[in-house]
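Undergrad: Sharing a structure with you now.
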Amino acid sequence: MSLIKALNEDTISQISAGEVVERPSHLIKELVENSLDAGATEIEIDFDQGGRFVRVKDNGTGIAPNQMSLALARHTTSKIQKIDDIWKLNTYGFRGEALASIASVSDLTLISGQKGEDSYKLRQVFGKEEESVSIGESKGTKVIIRSLFENTPARFKFLKSEGTENSSIKTTLKALALSQEKISFRVLQKSKLLYYWPAQKNLLQRTAQVLGKKDLYFTEETKGAYKIQAVIAPPHHTLKNRKSSWFFVSDRWIESRVLQAGLMSAYRGLLMHGEYPLAVIKITGPNDEIDVNVHPTKSQVRFKDSSFIFKLVESPIRRLLETAPWTKKIISASSLKKEENLNFSNYEFKKTNWPNKKQEYSTKTLSQLAWDKESKNLEPKEESFKSIDYKIKSEQDQKISWAHLQILAQAHLTYIVCQSDHSLIFIDQHASHERIIYERMFQSWKKGNVEVQNQLVPFVLDLEEGQTSALLELNDDLKKLGVQLESLSPYSLTINSYPPIIKEKALQEGLLFLAKRRLETGDRFSFERVVSDLCATLACHSAIRAGKSLNLEQMRELLKQMDEYPLSSFCPHGRPVFVEYPISRLEKDFGRIV
Ligand code: ADP
Ligand code: MG
């Protein structure tokens, strides 16, 4: 072992630079955060060469001439004075490390001036002061970084390709803009304008602006001293990785397992495996309950009470999702402006009125689609057509519903084809029925009022050792689900009653699944989650199959039932229940509009 020696200042700074500015996007984050801490309302960022060149300019308070070289020294900060101050912090920075670290591994120029005073320019090349002059610049600060990591070739080698670094920079800048919606950002790449995000009034607008999305929904809630704001996209706009979810705590962009778990739990049953929601979530809370000093790049925080935070995220987002606001746009019949074609007569379309605010309308068409129940093919039978009037009252405040859609046909014995005023809508009959059964069972289980049917002849379920007792342990919960079990032998149970909505085979499979889950997960077993999975399995086996011919009344009944459950637009496994084909797209496809 060689002798222990103190490291020199240069080496200390370069080591710390490795932590603080592991890659150029971190450096940009530090510079922009400094601008925000200085009260800037307008920030301009220019970058090139994957961030080896960076220029950040702000209109903040600026730095006094005699403080310029202090700003570049290590452990010098204007933001805290003692460690306890970090519990009442209202700035991003507090360690006084960023500028010094960056200066030690780059050619850095700092130009800064306070209101009504001369500006100064200070240049340090790899930590050595080169130049310090007074210049006549306006208020604010400009930091220019060149030749990043040129004096530390080993670090330089760790940089990814220019393209990858650029995309990490863009993501970081989007996050910074999302974290501060009231600040204007101009982003240039190679001096060419890349993004211009002028100040916005709220998070919803900012999210739409920065992420370029339109179909977004907002919710907020205050719980005690905590507040959450969330912007989400509908569950059918998902991405294949977690990067689609943005989390902010005290305006800091962070990674967080708790927030991620709360978000995923809110979307339960709405996403397919490997899908992630598009969401922007912001939490604020008491500074002394959120530790921001747990990570070198400040990209994580620690909460005093994580399960509270989990619920804080999960509840309002789940509630918002349960109102399924996106379906309103799709199935709305209230935005009708003009006369539309919606009437069939002997397979021919004629002009018909859609309901508007004052009128009643009638279509004689729906009955024409009534098929012979026995019919196995798609051809409607002429003689089964009866002309009846189907009336919808147009009311001032028309209820938006699936039942209001006009049913046109059943395609491939699987999809119900409907239309609204502006779309064709295809509904998967199995997925839709599955969701209805699932919701019915799960909600009745929650309320403890499941409809039960006693079996005249109880059926017997044969099981393996352990499975029998695993199920008997869940007897009370199963009773709530309407399933009454009795022990017959160590390897079998009798089922004396169960809800009529479940088919016998589905129940057998469901119980077996439950027993296996119970044995696998043991004590760390969340019954609600398992019942939800169980209901999904039961629903899947009990729902109408694809390939079954439905008559008009059955289709209409299904649509009516969809109205009872807000999340009816997704099957319990997260598959979509419907697909929309806007008429505008049809018009484009046919070259009617360009
Ligand atoms: P920290 O932000 O943790 O205090 P930095 O090294 O990032 O540490 O910055 C050191 C100091 O330099 C800050 O505390 C601040 O006083 C000053 N400073 C840095 N950037 C700016 C800026 N854009 N405008 C005004 N002052 C700045
Ligand atoms: Mg800082």
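The values are calculated or read from the model by the stated rules, or taken from the named source; none is laboratory data. Computed from a prediction, not measured in an experiment: that's the story for all the values here. Glycine also receives a Cβ, built like all others from the backbone with ideal geometry; neighbour counts cover every protein chain displayed.
Undergrad: Got at least one residue in segment 434-453 being over 30 Å from Y565 (Cα atoms) and aliphatic (A, V, I, L, M)?
TA: Looking through segment 434-453, none of the residues is over 30 Å from Y565 (Cα atoms) and aliphatic (A, V, I, L, M).
Undergrad: So, Q205, is that one surrounded by 15 or more Cβ atoms within 10 Å (Cβ to Cβ) and closer than 22 Å to K328 by Cα or not?
TA: yes
Undergrad: A follow-up question, please. Can you tell me how many residues within segment 543-594 are aliphatic (A, V, I, L, M), surrounded by fewer than 16 Cβ atoms within 10 Å (Cβ to Cβ) and part of a loop (DSSP other than H, G, I, E, B)?
TA: Here the count works out to 3.
Undergrad: Out of (1) buried (at least 21 other Cβ atoms within 10 Å of the Cβ); (2) at pLDDT below 95; (3) within 29 Å of the chain's Cα centre (by Cα), the odd one out for I43 is which?
TA: (2)
Undergrad: Okay, next question. If you scan segment 519-536, which residues turn out to be surrounded by 19 or more Cβ atoms within 10 Å (Cβ to Cβ) and modelled with pLDDT of 80 or more?
TA: Once the filter is applied, which keeps residues that are surrounded by 19 or more Cβ atoms within 10 Å (Cβ to Cβ) and modelled with pLDDT of 80 or more, segment 519-536 yields C535, A536.
Undergrad: When you go through (1) within 25 Å of K182 (Cβ to Cβ); (2) within 16 Å of ligand 2 (Cβ to nearest atom); (3) in contact (Cβ under 8 Å) with a residue 24 or more places away in the chain one by one for R55, which number turns out not to apply?
TA: Answer for R55: the failing condition is (2).
Undergrad: Here is a further query. Please work out which one of (1) at pLDDT 90 or above; (2) within 33 Å of the chain's Cα centre (by Cα); (3) of a type in the set (A, V, I, L, M); (4) within 12 Å of ligand 2 (Cβ to nearest atom) is the condition V21 fails and give its number.
TA: Status for V21: all satisfied but (1).
Undergrad: Mind listing whichever residues of segment 442-464 are in contact with a Ser or Thr (Cβ under 9 Å, 6 or more places away or on another chain), among the aliphatic types (A, V, I, L, M) and without any contact (Cβ under 8 Å) to a residue 40 or more places away in the chain?
TA: The one that is in contact with a Ser or Thr (Cβ under 9 Å, 6 or more places away or on another chain), among the aliphatic types (A, V, I, L, M) and without any contact (Cβ under 8 Å) to a residue 40 or more places away in the chain: V460.
Undergrad: Within segment 72-103, which residues are under 19 Å from V56 (Cβ atoms) and more than 11 Å from ligand 2 (Cβ to nearest atom)?
TA: Result: L72, A103.
Undergrad: Collect the residues in segment 42-96 that are in contact with a strand residue (DSSP E or B) (Cβ under 9 Å, 6 or more places away or on another chain) and farther than 25 Å from E130 by Cβ, keeping them in residue-number order.
TA: Answer for segment 42-96, where residues must be in contact with a strand residue (DSSP E or B) (Cβ under 9 Å, 6 or more places away or on another chain) and farther than 25 Å from E130 by Cβ: E42, I43, N59, T61, I86, W87, Y92.
Undergrad: Working only within segment 292-321, note down all residues that are surrounded by 15 or more Cβ atoms within 10 Å (Cβ to Cβ) and among the acidic types (D, E).
TA: E314
Undergrad: Which of (1) over 30 Å from K192 (Cβ atoms); (2) without any contact (Cβ under 8 Å) to a residue 60 or more places away in the chain does S16 not meet, given it meets every other one?
TA: Here S16 clears every test but (2).
Undergrad: Another one. Condition first: in contact (Cβ under 8 Å) with a residue 60 or more places away in the chain and out of contact with any strand residue (DSSP E or B) (no Cβ under 6 Å at 6 or more places or on another chain). Now tell me which residues in segment 251-270 satisfy that.
TA: Result: D251, R252, W253, R268, G269.
Residue-by-condition table, conditions (1) touching a residue at least 12 places away in the same chain (Cβ under 8 Å); (2) more than 11 Å from ligand 1 (Cβ to nearest atom):
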site	(1), (2)
G60	yes, no
M68	yes, no
D84	no, yes
T91	yes, no
G113	yes, no
K121	yes, yes
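Undergrad: Right, here's the next one. For P286, indicate whether it is crowded, with 21+ Cβ neighbours inside 10 Å and not β-branched (V, I, T).
TA: In short, no.
Undergrad: Also: Taking segment 129-151, which residues are at pLDDT 90 or above and either surrounded by 16 or more Cβ atoms within 10 Å (Cβ to Cβ) or closer than 30 Å to D118 by Cα (or both)?
TA: Residues satisfying the conditions are G140, T141, K142, V143, I144, I145, R146, S147, L148, F149, N151.
Undergrad: Of all residues being touching a Phe, Trp or Tyr at 6+ places or on another chain (Cβ under 8 Å) and touching a residue at least 60 places away in the same chain (Cβ under 8 Å) in segment 123-143, which is farthest from ligand 1 (Cβ to nearest atom)? Just the residue, please.
TA: Filtering first and then ranking leaves S134.
Undergrad: Right, another one. Within segment 301-313, does at least one residue satisfy the condition of being at pLDDT 80 or above and in contact with a Gly (Cβ under 6 Å, 6 or more places away or on another chain)?
TA: Yes, because at least one residue in segment 301-313 is at pLDDT 80 or above and in contact with a Gly (Cβ under 6 Å, 6 or more places away or on another chain).
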